[in-house]
1. Being loosely packed, with under 14 Cβ neighbours inside 10 Å, part of a helix (DSSP H, G or I) and either within 15 Å of DNA strand D (Cβ to nearest atom) or of a type in the set (Ser, Thr, Tyr) (or both): is that true of B:Thr18 here?
2. Which ranges mark the helices (runs of 4 or more DSSP H) fully within the stretch A:149-206 that have 2 or more residues being more than 8 Å from chain B (Cβ to nearest Cβ) and within 11 Å of B:Ala166 (Cβ to Cβ)?
3. Kindly indicate the residue of the stretch B:89-109 that is more than 14 Å from B:Gln73 (Cα to Cα) and among the acidic types (Asp, Glu) and also farthest from the chain's Cα centre (by Cα) among those meeting that condition.
4. Counting only residues that are closer than 17 Å to A:Leu79 by Cα and basic (Lys, Arg), which one in the stretch A:128-148 is farthest from the other protein chains (Cβ to nearest Cβ)?
5. Only one residue in A:Leu112, A:Leu132, A:Leu68 is in contact (Cβ under 8 Å) with a residue 40 or more places away in the chain, over 10 Å from the mean Cα position of the chain (by Cα) and assigned to a helix (DSSP H, G or I), so which one is that?
6. Of all residues in the stretch A:93-118, which are within 24 Å of A:Thr202 (Cα to Cα) and within 13 Å of chain B (Cβ to nearest Cβ)?
7. If you take the residues of the stretch A:37-83 that are of a type in the set (Phe, Trp, Tyr) and farther than 19 Å from B:Gln177 by Cα, which of them is nearest to DNA strand C (Cβ to nearest atom)?
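The values are calculated or read from the model by the stated rules, or taken from the named source; none is laboratory data. None of these values were measured; they are calculated from a predicted model. Ideal geometry is used to build each Cβ from the backbone, glycine not excepted, and the neighbour counts take in all protein chains shown.
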There are 2 protein chains.
Amino acid sequence: MPRSQTTKKPTRIQREKTKAILEAALDVFSDFGFRGSTIDMIAARAGVSKPNILYYFDTKEAIHKTLLAELLQTWLAPLHQIDAAGDPIEEICGYVSQKLKMARDFPRESKLFANEILQGAPHILPEIQGELKELTAVKARVVSDWIKAGKLADIDPHHLFFSIWATTQHYADFDIQVRSVLGDESDPFASAGPFLDKMYRTMLRP
Amino acid sequence: MPRSQTTKKPTRIQREKTKAILEAALDVFSDFGFRGSTIDMIAARAGVSKPNILYYFDTKEAIHKTLLAELLQTWLAPLHQIDAAGDPIEEICGYVSQKLKMARDFPRESKLFANEILQGAPHILPEIQGELKELTAVKARVVSDWIKAGKLADIDPHHLFFSIWATTQHYADFDIQVRSVLGDESDPFASAGPFLDKMYRTMLRP
DNA sequence: GTCTATATCGAGATAGAC
DNA sequence: GTCTATCTCGATATAGAC
């Protein structure tokens, strides 16, 4: 009996149900936001009853918090990979490419994050002001050193990262608008890749 | 008695109250999204009673729709101004500058729009697929002609617009993240202006 | 562990006095 | 026109049977 997730090793069934609930919750929360989602929707999509969900997670908020906690690590991973010893332009364009791939492969995570930040990050502000801020500062320093060494054009490192986050996540978060404007013919991500690569290569060249 | 806004000329009081309600609703909806907002919150902020709000607007959704309808025109205005007869790079950089200024001066409108699109544009999809799509197509054609004339670098016009929307609106929609990462010292918009101007000038140069 | 049934509460909307 | 009081419903969470 988990209830408040006591110190017991979970059985296979428990792990699978927990997984199914989180998977369904990601679907629902990313589509409707936290307040717009109901436990009923999550239950229906997960194929379990509503009280059963509240057996595994004490509250609706607990489900949301669990998702957000996993999310941030996934989100920061590509940024970690930027290597001060690598070729500056390749490192940054590689980062752009990674972020675009994540927007394509994990649009629900992107929207969950966007919803959270849009509302003022009520559940994740400490992590934004801690982990995200510090990792960004470290990598901004790397970019700054590349610029000083004459390997990159002289641009503001923080705003460079903002622009990368904005342009890549846009294709997941605003996908209904992107698809509406392009028409449903083509895959937005396929054409966005070369566009962004060219854009950043051009602006970063010293 | 408006109720369903019959064909009567509104008095001064009615116009002012309507205005106050819409102003308060913009505050609340942009912060909490449609589902996350309550009529009570709007009433409290507008300084009127809940039933009084429902005297001026039949439903909560009616308030939201009214705000969105006004919003789209404001939002499209800068795009209209792009002039095929002007200097290509100045026209586009002027557009970027306009959009950034709007993000700074109308952050609530930006967030309201972001919330709506993020949830799949439930109330504004026809306008996205109509007005926005068509105006974008027209202006993409202008950019395309500039490229053919050798006045701009060869980039995808639609993705150019996406990147402009993403990078400028980011400073309003994700402002809690931007401020967290930068620290509260400086004004993000002040440093974003020169960054974006430089970025687009560089990438657009033929 | 999982279900049915239900308590409880918040919020949209309405009725009717003033 | 604007208020107080209230109806109604949907949603979170719980109780208790199986």
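1. Spelling it out, it is not the case that B:Thr18 is loosely packed, with under 14 Cβ neighbours inside 10 Å, part of a helix (DSSP H, G or I) and either within 15 Å of DNA strand D (Cβ to nearest atom) or of a type in the set (Ser, Thr, Tyr) (or both).
2. Working: elements: A:157-173, A:175-182, A:188-204.
Fully inside the stretch A:149-206 and qualifying: A:157-173.
3. B:Glu90
4. Step by step, filter the stretch A:128-148, then rank; the result is A:Arg141.
5. Values: A:Leu112 fails: over 10 Å from the mean Cα position of the chain (by Cα); A:Leu68 fails: over 10 Å from the mean Cα position of the chain (by Cα).
Residue meeting the stated conditions: A:Leu132.
6. First, pick out the residues of the stretch A:93-118 that are within 24 Å of A:Thr202 (Cα to Cα): A:93-104.
A:Val96, A:Lys99, A:Leu100, A:Ala103, listed by residue number.
7. Residue satisfying both the conditions and the ranking: A:Tyr55.
For every residue, the table says whether it meets (1) touching a His at 6+ places or on another chain (Cβ under 8 Å); (2) within 11 Å of DNA strand D (Cβ to nearest atom); (3) assigned by TED's automatic domain parsing to the domain that holds A:Ala121.
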{"residue": "A:Asp27", "(1), (2), (3)": "no, no, no"}
{"residue": "A:Ser30", "(1), (2), (3)": "no, no, no"}
{"residue": "A:Ser37", "(1), (2), (3)": "no, yes, no"}
{"residue": "A:Trp75", "(1), (2), (3)": "no, no, yes"}
{"residue": "A:Ile82", "(1), (2), (3)": "no, no, yes"}
{"residue": "A:Ile89", "(1), (2), (3)": "no, no, yes"}
